[in-house]
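**Q** Would you mind keeping the following structure in view while I ask a few things?
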Amino acid sequence: MKILAIDTTGQTASAAIAQGDKLIAEFTLNYKLTHSQTIMPMVAEICEKSETKPWDVDYIACASGPGSFTGLRIGAATAKGLALALEKKIVPVPTLDALAYNVFETDKIICPIMDARRSQVYTAFYRWDNGMLRRLTEMMAISIDEVIQRAQGYGQKVIFLGDGVPVHQEKLSLYPDFIYAPAHCSLQRAASIAAFAMVLAREDRAVAGNAFEPIYLRKSQAEREREERLQGEEKQND
């Protein structure tokens, strides 16, 4: 099984090609360029350098969120465009699941945190169990204080990773049972999207290109501002 994977849900843009247990190519960029500028050139580059014809892949795997609203939409549009053009299905991979998948076979709790702004993070808690990564909670948009409270409730060491770690490092560093993944596995990687997609594809979790929908967890800033404006207008009219 050959998979072309992309992730544009956070600060990092990443594309990868994997076949079975082999990672063929990966291009990851954590820089100030926008994902709309980078993701398709990255896909083209790894296909060219690995001599991969895009129509030869079996699936398109895409990080499905949560994450940046703009990044989610860019990723979804790119994945759908590729899937429809190549007549392939999409394997949606929750971003938090793939982040947790960066940390392999540990006996510790894994907690990816993605900066969601407004003093919140996107997060979930995970544990490895008999070679399978298990999500222990639902995916959430919650405050870092609630994350800390939940993490302490496990009564064991917790590995934190994700772009929310440096944002909240000051609070997290107060707890000796919290440890942090190193840089090479702390941010989103399309290689992890591809690897986890292999598992999901075998479980028949692929969807048609036009059926792929990102996971947002909460409303966009524009939607929130619109609701606040409408609520203000209603109060003025009362």
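**Q** Ignoring any ligand, DNA or RNA, what whole percent of the accessible area of the chain comes from carbon and sulfur when the probe is 1.4 angstrom?
**A** Heavy-atom surface of the chain belonging to carbon and sulfur, 1.4 Å probe: 48 percent.
**Q** Applying the Karplus parametrisation 6.51 cos²θ - 1.76 cosθ + 1.60 with θ = phi - 60° to the phi angles of the range 162-175, what ³J(HN,Hα) value in whole Hz is obtained for each residue in order, glycine and proline being reported as x?
**A** Working through the residues one at a time gives x, 6, x, 5, x, 5, 10, 4, 4, 6, 5, 5, 6, 10 Hz.
**Q** If you take every DSSP beta bridge whose two residues both sit in the chain, what share of them, in percent to the nearest 5, is antiparallel?
**A** So the antiparallel bridges amount to about 65 percent of the total.
**Q** Can you send over the solvent-accessible area of His168, 1.4 Å probe, protein chains only, in Å² to the nearest 10?
**A** Here the accessible area works out near 30 Å².
**Q** Rounded, prolate or oblate: pick one for the range 87-165, where a ≥ b ≥ c are the square roots of the eigenvalues of its C-alpha gyration tensor, a/c under 1.5 means rounded, and failing that, prolate if a/b is larger than b/c, else oblate.
**A** The shape class here is oblate.
**Q** Rounded if a/c is under 1.5, else prolate if a/b is larger than b/c, else oblate: which is the range 7-139, with a ≥ b ≥ c the root eigenvalues of its Cα gyration tensor?
**A** Oblate.
**Q** At 1.4 Å probe radius, can you tell me the per residue accessible area of the chain in Å²?
**A** 51
**Q** Next question. Apply the membrane-span-like helix rule to the chain: whole DSSP H runs, Cα extent along the own long axis of at least 15 Å, mean Kyte-Doolittle hydropathy at least -1.0. List the helices found.
**A** 35-49, 69-86, 190-202
**Q** Also, quick follow-up: For the range 151-202, count the residues as N, evaluate 2.2 N^0.38 Å, and divide the Cα radius of gyration by that value, please.
**A** Expressed relative to 2.2 N^0.38 Å, the Cα Rg reads 1.41.
**Q** Sorted by packing (mean other beta-carbon atoms within 10 Å per residue), highest first, where do 124-134, 107-117, 87-97 land?
**A** 87-97, 107-117, 124-134
**Q** If a/c stays under 1.5 just call it rounded; otherwise compare a/b with b/c (prolate if a/b is bigger, oblate if not). Do that for the chain, with a ≥ b ≥ c from the square roots of the Cα gyration tensor eigenvalues.
**A** oblate
**Q** Expressed as a whole number of Å, what is the distance separating the alpha-carbon centroids of the range 178-209 and the range 56-74?
**A** Cα centres, the range 56-74 to the range 178-209: 11 Å.
**Q** In the chain, if the dipole is taken from +1 on Lys/Arg beta carbons and -1 on Asp/Glu beta carbons about the Cα centre, which of Val91, Ala61, Ile24 is farthest to the positive end?
**A** Projecting each Cα onto the dipole axis, the largest value belongs to Ile24.
**Q** Note the full-extension length gain between Ala141 and Lys157 as 0.36 nm times their separation in residues minus their Cα-Cα distance, in nm to one decimal.
**A** 3.6 nm
The values are calculated or read from the model by the stated rules, or taken from the named source; none is laboratory data. All values derive from a computational prediction rather than experimental measurement. A quick note on method: Cβ atoms are made from the backbone with ideal geometry, for glycine too, and the neighbour counts reach across all protein chains shown. Ligands, DNA and RNA are excluded from the accessible area calculation, which covers all protein heavy atoms including side chains. Shrake-Rupley method; radii C 1.70, N 1.55, O 1.52, S 1.80 Å.
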